[in-house]
There are 2 protein chains.
Amino acid sequence: MPSTHIIPTLDDVAKAAGVSTATVSRCLNTSEKVSERSRLKVMKAVEMLGYTPNFGARAMAAKRTFTIGAIIPTMENAIFARGLQAFQETLYANGYTLLVSSTAYRPDVEAEQIKALIARGADGLLLIGYERDHSIYKYLERRGVPTLIAWAFAQDSALPTIGFDNRASMRALCDKVLDMGHKKIGFISGIIAGNDRASERLQGVKEGMRARGLDPNDMPVCESTYEIENGANAFETIMQGAYTPTVVMCGNDVLAVGAMQRAHEMGLKVPQDVSITGFDDIELARIVSPQLTTVHVPHREMGSRAAEELTRMVEHVSTGVSCQLDSSLRLRGSLRVLD
Amino acid sequence: MPSTHIIPTLDDVAKAAGVSTATVSRCLNTSEKVSERSRLKVMKAVEMLGYTPNFGARAMAAKRTFTIGAIIPTMENAIFARGLQAFQETLYANGYTLLVSSTAYRPDVEAEQIKALIARGADGLLLIGYERDHSIYKYLERRGVPTLIAWAFAQDSALPTIGFDNRASMRALCDKVLDMGHKKIGFISGIIAGNDRASERLQGVKEGMRARGLDPNDMPVCESTYEIENGANAFETIMQGAYTPTVVMCGNDVLAVGAMQRAHEMGLKVPQDVSITGFDDIELARIVSPQLTTVHVPHREMGSRAAEELTRMVEHVSTGVSCQLDSSLRLRGSLRVLD
DNA sequence: CGTCGAAATGTAAGCGCTTGCATTGTGCGT
DNA sequence: ACGCACAATGCAAGCGCTTACATTTCGACG
């Protein structure tokens with residue numbers, strides 16, 4: 001089925017317009033360097049032929065793609081959606097295109113995606129969290145691709161980070177929970193291996209407990225992937241243990257919603273029988289009833305700042321400066337004061 | 001800040017391995033045509049140099065990228081998430097990479113994205129719905145890029161379609177609603193202009209009403225973008241009109257959830273005071289309470305079938321065959337029998 | 001009108017890869 | 001030991017674009 005489609009090239013346009021390829025190229029890129037007369041001729045030819053520049057060729061010749069890559073753990077729930085949206089909007093405003101891929105939280109997939117994005121000529125990269133194999137950082141360094149880390153903040157990171165302090169944020173929530181009289185906490189965590197956000201959040205709770213003289217080792221902790229169903233299962237596991245918490249804190253909102261659902265199915269009223277908290281404050285948190293107490297994260301601000309800084313890095317006006325943002329608590333119906 | 005990073009090329013690898021560039025290339029692509037001995041040498045060199053092939057150059061030389069592009073209206077809600085996930089999984093299994101971009105339901109943005117994806121060398125394209133400007137179809141045809149349309153089914157489409165009958169599906173739900181004794185329906189639709197799914201769904205309801213001798217013109221219809229908040233506003237608008245429906249049917253689940261929320265805020269009990277229905281059966285539908293009555297769509301099957309067919313088209317073993325899938329009703333708590 | 005500088009354009013050398021074709025190496029039958 | 005078929009490799013021509021540099025054009029000014 002060898003179809004002979006005419007895929008017009010720069011040459012074709014040049015011929016049709018009666019100018020050289022250089023003029024066409026200039027017209028398409030730096031149109032101010034071209035006379036109005038030839039600009040018109042060229043535009044007409046482009047239109048007529050249905051010409052679209054070949055990105056690969058362009059990238060190869062210009063050594064620049066105006067593309068930024070972002071690699072996130074998952075697209076399946078909304079955790080990264082809002083931040084990424086802001087990231088892309090800001091990028092777009094600066095003349096860049098965003099390419100996104102996801103890793104399903106698998107480090108090996110992430111490594112692969114990084115290479116793929118670099119192969120595609122990404123001028124810069126956005127990564128989530130700082131915890132990854134050293135070889136990846138070495139590779140990034142050697143290729144000289146500007147890279148920024150978001151959704152986490154670490155003073156001593158090799159790469160610039162922009163985000164919030166996951167541990168302190170969860171600690172603040174934990175303090176609040178304890179203030180409200182809770183003494184028995186259960187915790188549903190995301191998978192900790194290779195995920196600094198998850199482990200920092202767990203640490204935050206433990207830290208809070210210790211500060212009140214409670215032993216974190218008493219706390220039942222259940223690790224679960226970030227899916228509603230699994231959050232539900234984790235909740236059940238915890239509640240069926242010998243140690244019955246009065247509050248189940250969750251590593252993120254998705255898990256918390258799962259927990260709420262299962263609580264309902266088990267005949268437990270939230271918050272009368274058990275309180276539940278989340279993290280992230282995604283849309284879901286206000287859709288469930290009772291609404292979810294959680295930690296609000298400045299997703300949009302983080303996304304757009306990341307975009308600004310990364311473009312600066314790509315354009316060599318900055319070598320990358322870290323930036324810490326604040327989170328805040330959202331106290332809602334799913335958490336109650338213990339009598 | 002001119003950093004001199006060594007970005008290794010095929011040439012460097014060839015030199016380091018002591019073979020020709022052709023051998024390295026073959027080793028990386030068709031490794032069966034290379035002796036074990038040189039394969040090892042090459043691999044070692046690749047490893048040592050941290051080589052990653054330049055995608056643009058490769059695409060240009062091979063005229064093939066093993067990349068498929070998908071352009072969807074939005075990533076912000078989960079409507080397309082599950083189907084796209086299946087699409088990408090199947091693609092991946094067939095050795096292809098997926099590139100996704102979204103249009104915010106704007107035809108002009110879609111046209112731009114199509115060109116961008118083609119410029120990036122997409123071997124094939126997945127588009128949502130069939131309603132778009134003729135010039136786009138012409139462009140696609142001229143470039144000879146295999147394109148498949150999903151989330152809709154149309155016998156007479158120029159391009160192969162894979163999906164379900166939006167009108168018949170909504171009609172089935174409407175029939176059910178009428179069976180349950182409802183006579184006064186309100187409808188919250190997605191924006192209809194340029195969106196065949198939205199308009200077909202509305203038609204489905206009108207069709208159902210006519211079949212029972214009801215006048216569709218009596219029905220209050222409110223168009224809204226697919227956001228929870230806007231669905232809520234639309235609900236309020238409809239309920240404050242002179243004509244008070246006993247059921248509000250929605251063009252999709254997101255709108256329906258918004259409607260439910262506002263109903264709650266307005267002190268209306270669902271389904272006692274008003275019934276609400278959705279469309280799509282996304283996860284959200286079972287998270288809200290009462291759970292949402294909706295139309296279940298075989299997202300995953302649609303996605304993976306689309307991937308299969310599109311790869312066949314790209315590999316020239318099919319010119320594209322359409323495929324109609326079935327939807328089904330999910331009757332849940334948000335819809336009640338009218339006394 | 002001739003001159004000169006700036007603006008506009010053209011020429012052509014790559015960018016890093018694949019692949020058809022030519023060449024070399026290998027193992028086998030006789 | 002010789003020749004043959006075939007596997008393995010190398011050579012080099014592009015793929016479509018950008019851009020440094022060379023050349024032409026043009027208008028302004030003396």
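The values are calculated or read from the model by the stated rules, or taken from the named source; none is laboratory data. This structure is a prediction, so every number in the text was calculated from the model and none was measured. Ideal geometry is used to build each Cβ from the backbone, glycine not excepted, and the neighbour counts take in all protein chains shown. We work out accessible area using only protein heavy atoms, side chains counted, and drop any ligands, DNA or RNA first. Shrake-Rupley method; radii C 1.70, N 1.55, O 1.52, S 1.80 Å.
Tabulated data
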| quantity | calculated |
| --- | --- |
| Test: residue in region A:217-234 that is more than 14 Å from chain B (Cβ to nearest Cβ) and crowded, with 23+ Cβ neighbours inside 10 Å | yes |
| Residue that is farthest from the chain's Cα centre (by Cα), among those in region A:319-339 that are free of Cβ contacts under 8 Å to residues at least 60 places away in the same chain and farther than 21 Å from A:ILE162 by Cβ | A:ARG332 |
| Search result, residues across region A:294-318 that are among the hydroxyl-bearing types (Ser, Thr, Tyr) and free of Cβ contacts under 8 Å to residues at least 40 places away in the same chain | A:SER318 |
| Failed criterion for A:MET266 (all others in (1) among the aliphatic types (A, V, I, L, M); (2) surrounded by fewer than 16 Cβ atoms within 10 Å (Cβ to Cβ); (3) not assigned by TED's automatic domain parsing to the domain that holds A:ILE185 hold) | (3) |
| When residues of region A:173-189 are limited to those that are touching a strand residue (DSSP E or B) at 6+ places or on another chain (Cβ under 6 Å) and among the aliphatic types (A, V, I, L, M), the one nearest to A:PRO216 (Cα to Cα) | A:ILE185 |
| Subset of region A:153-164 that is out of contact with any Ser or Thr (no Cβ under 6 Å at 6 or more places or on another chain) and crowded, with 19+ Cβ neighbours inside 10 Å - its residue that is farthest from A:THR311 (Cα to Cα) | A:GLY163 |
| Residue list for region B:180-215, filter: in a loop (DSSP other than H, G, I, E, B) and of a type in the set (A, V, I, L, M) | B:MET180, B:ILE191, B:ILE192, B:ALA193, B:LEU214 |
| Any hit, region A:63-85, residues being touching a Lys or Arg at 6+ places or on another chain (Cβ under 6 Å) and of a type outside the set (Lys, Arg) | no |
| B:LEU99 in contact with a Leu (Cβ under 7 Å, 6 or more places away or on another chain) and without any contact (Cβ under 8 Å) to a residue 40 or more places away in the chain | yes |
| Region B:1-53: number of residues that are part of a helix (DSSP H, G or I), within 14 Å of chain A (Cβ to nearest Cβ) and more than 42 Å from the chain's Cα centre (by Cα) | 1 |
| Residues located in region A:136-152, provided they are within 14 Å of another protein chain (Cβ to nearest Cβ) and either modelled with pLDDT of 95 or more or buried (at least 18 other Cβ atoms within 10 Å of the Cβ) (or both) | A:ILE136, A:TYR137, A:LEU140, A:ARG143, A:VAL145, A:PRO146, A:THR147 |
| A:ALA61 vs. criteria at negative phi, in a helix (DSSP H, G or I) and touching a residue at least 24 places away in the same chain (Cβ under 8 Å) | no |
| Pick from region A:296-332, criterion closer than 20 Å to A:ILE72 by Cβ and open to solvent by 70 Å² or more (accessible area, probe 1.4 Å), ranking: farthest from the other protein chains (Cβ to nearest Cβ) | A:ARG305 |
| Only listed residue being touching a Phe, Trp or Tyr at 6+ places or on another chain (Cβ under 6 Å) and either free of Cβ contacts under 8 Å to residues at least 24 places away in the same chain or part of a loop (DSSP other than H, G, I, E, B) (or both), chosen from A:ALA154, A:ALA104 | A:ALA154 |
| The one condition in (1) open to solvent by 40 Å² or more (accessible area, probe 1.4 Å); (2) near DNA strand C (Cβ under 10 Å from one of its atoms); (3) within 30 Å of the chain's Cα centre (by Cα) that A:ALA104 fails to fulfil | (2) |
| Considering residues of region B:27-71 that are farther than 30 Å from B:PHE87 by Cα and near DNA strand D (Cβ under 8 Å from one of its atoms) only, the residue most open to solvent (accessible area, probe 1.4 Å) | B:ARG37 |
| Selection status of B:GLN113, within 18 Å of the chain's Cα centre (by Cα), open to solvent by less than 70 Å² (accessible area, probe 1.4 Å) and farther than 19 Å from B:VAL297 by Cβ | yes |
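Residues checked against (1) in contact (Cβ under 8 Å) with a residue 24 or more places away in the chain; (2) out of contact with any Pro (no Cβ under 9 Å at 6 or more places or on another chain); (3) away from DNA strand C (no atom under 16 Å from the Cβ):
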position: A:PRO8; (1), (2), (3): yes, yes, yes
position: A:ASP12; (1), (2), (3): yes, yes, no
position: A:SER35; (1), (2), (3): no, yes, no
position: A:THR74; (1), (2), (3): yes, yes, yes
position: A:ASN77; (1), (2), (3): yes, yes, yes
position: A:LEU91; (1), (2), (3): yes, yes, yes
position: A:GLU110; (1), (2), (3): yes, no, yes
